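**Q** The structure under discussion is supplied below as structure tokens; questions concerning it will follow.
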Amino acid sequence: MTRYEDVREVYQNDAVYSNAGAANFQAMVGETFQMIPLAIDPPDHGKYRILLNPWFSPRAITLMEPKIRATIGELIDSFADKGECDLAYDYGRIYPVRVFMGLMGFPEEKFEDFLSWEYAILHDMGNLERMKWGISSALAYLRGYIEEVRRTPVDNLTSHIVHGTVEGRGLTEDEIIGTVFFLWVGGLDTVAATTALMFRRLALDPALQQTLRDNPDQIPEAIEEFLRMQPIVNSGRSAKHDHELAGVQIKKGEYIMCLNAAGNFDPAEFEEPRTFRLDRPSNRHFTLAGGPHRCLGSHLARRELRIALSEFLERIPPFRMKPGADRTVVPGLIAAPHLPIVWG
Ligand code: HEM
């Protein structure tokens with residue numbers, strides 16, 4: 001699906017489109033649990049969202065804000081005097097993972113391991129051995145951590161899941177690992193990738209950078225526009241029964257891919273779609289999907305991106321790409337692993 005209206009229909013109409021079996025990475029190593037909540041269709045899907053939603057509400061994110069700001073401030077301190085940094089590697093790669101690890105309760109020393117497992121799963125597409133290694137290593141660690149918080153409950157999201165209830169009963173082993181593993185996959189790298197792409201655009205567009213320096217109150221609108229113009233993933237659904245959509249016959253079981261970038265650039269929905277505009281009256285893009293599976297981490301992601309951008313612009317003077325910088329962007333989950341920038 002490439003048109004805005006059609007993408008929206010597929011995301012929203014869960015009577016016709018199913019997300020069962022989505023992101024089934026774990027099947028590659030012989031596991032049979034489902035990714036929760038992503039691979040569960042309504043109405044069952046709702047009970048897991050009820051369990052998780054309070055941890056991702058705007059109010060919960062506001063309580064996390066001082067920690068997010070401190071994490072980001074510390075990172076900026078580490079390179080502010082140097083006149084340059086690798087924005088993707090030294091900044092974008094680090095702060096969202098620290099915030100996420102704090103939320104879940106994972107110990108800080110797992111940082112490098114987590115990133116290499118995650119990279120093997122999401123960016124080494126095609127290298128099946130590396131993917132399997134990443135998946136097995138992450139699952140082994142997460143199962144160990146789940147056991148730890150089962151014995152000693154603590155105030156973090158992993159413990160909330162392990163000791164939580166859905167419809168009045170505790171979660172099964174499969175439900176627990178399915179939820180913790182999906183959060184791990186979804187929460188670790190997405191903001192990092194978006195941060196790198198956002199700063200890449202700013203480094204290449206000095207006028208836009210200056211506009212945001214002069215108008216920091218417009219950063220929330222800017223974040224929405226960065227998200228619209230840089231969707232990092234696409235999502236698919238399978239048809240629950242034979243039907244027709246946009247003149248195309250679709251059979252039960254067939255797989256439909258929604259190209260988020262195409263929807264986000266559809267001129268029927270977005271005026272001048274290729275122009276970065278801060279004055280869009282409504283900016284309902286698909287970067288965080290839509291319908292029942294709309295990204296659970298959307299408030300957290302937006303808040304992190306806002307803080308990361310505003311603190312950086314406040315502390316670092318106008319920046320640009322370092323001459324000769326490698327600007328490679330990798331597929332899978334679209335990301336720029338390195339972004340060398342200079343200022344002053
Ligand atoms: C800019 C950053 C992010 C982007 C672009 C993003 C994108 C997405 C997309 C496209 C989906 C829907 C997939 C589908 O419908 O098949 C989704 C779902 C989800 N995301 Fe995010 N995400 C981001 C950040 C996060 C963060 C930080 C977390 C958690 C800490 C998170 C957790 C989830 C969860 C749990 C779901 C499944 C929701 C459900 O099935 O009900 N995401 N995300």
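Here, each number is a calculation from the coordinates, and none is a lab measurement. Everything numeric here is computed off the predicted structure, so don't read it as measured data. Cβ sites come from the backbone with ideal geometry, for glycine too, and all protein chains shown count toward neighbours.
**Q** If neighbour count is taken as other Cβ atoms inside 10 Å, put Met28, Met101, Met198 in order from fewest to most.
**A** Met28, Met101, Met198
**Q** Can you tell me the order of 239-247, 188-196 when each peptide is scored by its average per-residue count of other Cβ atoms within 10 angstrom, highest first?
**A** So the order, starting with the most tightly packed, is 188-196, 239-247.
**Q** For the stretch 199-257, give the magnitude of the charge dipole about the Cα centre (Cβ charges: +1 Lys/Arg, -1 Asp/Glu; no others), in debye to the nearest 20.
**A** Roughly 360 debye for the stretch 199-257.
**Q** Note down the magnitude of the dipole of the chain about its Cα centre, charges +1 on Lys and Arg C-beta and -1 on Asp and Glu C-beta and zero elsewhere, to the nearest 20 debye.
**A** 160 debye
**Q** Which one of Phe276, Ile146, Ile94 has its Cα pushed farthest toward the positive end of the charge dipole of the chain, where Lys and Arg give +1 and Asp and Glu give -1 at the Cβ?
**A** Phe276
**Q** At q = 0.21, 0.22, 0.27 Å⁻¹, what is the base-10 log of I(q)/I(0) for the stretch 133-206 according to the Debye formula with one equal point scatterer per Cα and no solvent? Please give it to two decimals.
**A** -0.91, -0.97, -1.24
**Q** If you find the alpha carbon centre of the stretch 186-208 and of the stretch 137-165, how far apart are they in angstrom?
**A** 32 Å
**Q** Now for a different question. Can you give the net charge of the other residues whose Cβ lies under 15 Å from the Cβ of Lys240, counting K and R as +1 and D and E as -1?
**A** -4
**Q** Collect residues whose amide H, placed 1.01 Å from N in the peptide plane, falls under 5 Å from the amide H of Cys85; neighbours closer than 5 in sequence don't count.
**A** Under 5 Å from the amide H of Cys85 lie the amide H atoms of Ile341, each far enough along the sequence or on another chain.
**Q** What list of ³J(HN,Hα) values in whole Hz, one per residue of the stretch 102-108 in order, does the Karplus curve 6.51 cos²θ - 1.76 cosθ + 1.60 (θ = phi - 60°) give from phi, with Gly and Pro shown as x?
**A** x, 4, 7, x, 6, x, 4
**Q** Where does each of Arg130, Arg327, Arg200 land when they are ranked from fewest to most other beta-carbon atoms within 10 angstrom?
**A** Lowest to highest Cβ neighbour count: Arg327, Arg130, Arg200.
**Q** Can you give the translational diffusion coefficient of the chain in µm²/s, computed by Stokes-Einstein from the Kirkwood radius over Cα pairs at 20 °C and 1.002 mPa s?
**A** The estimated diffusion coefficient comes to 101 µm²/s.
**Q** Can I ask one more? Can you list residues from other chains, or at least 5 along the same chain, whose modelled amide H is less than 5 Å from the amide H of Gly236?
**A** Excluding prolines and chain starts, which carry no amide H, the hits are Cys258.
**Q** What size of dipole, in debye to the nearest 20, comes out for the stretch 270-344 about its Cα centre when the only charges are +1 on Lys and Arg C-beta atoms and -1 on Asp and Glu C-beta atoms?
**A** 60 debye
**Q** Enumerate the calculated ³J(HN,Hα) couplings along the stretch 114-123 in order (Karplus 6.51 cos²θ - 1.76 cosθ + 1.60, θ = phi - 60°), each rounded to whole Hz, writing x wherever the residue is Gly or Pro.
**A** With the stated coefficients, the stretch 114-123 comes to 4, 5, 6, 5, 4, 4, 4, 6, 9, 10 Hz.
**Q** Continuing with this model, one more query. What is the distance in Å between the Cα centres of the stretch 303-344 and the stretch 215-282?
**A** After rounding, the separation between the Cα centres reads 24 Å.
**Q** Taking the stretch 24-102, how much of its Cα-Cα pair set, in percent, is spaced more than 23 angstrom apart?
**A** In whole percent, the long-distance tail amounts to 49.
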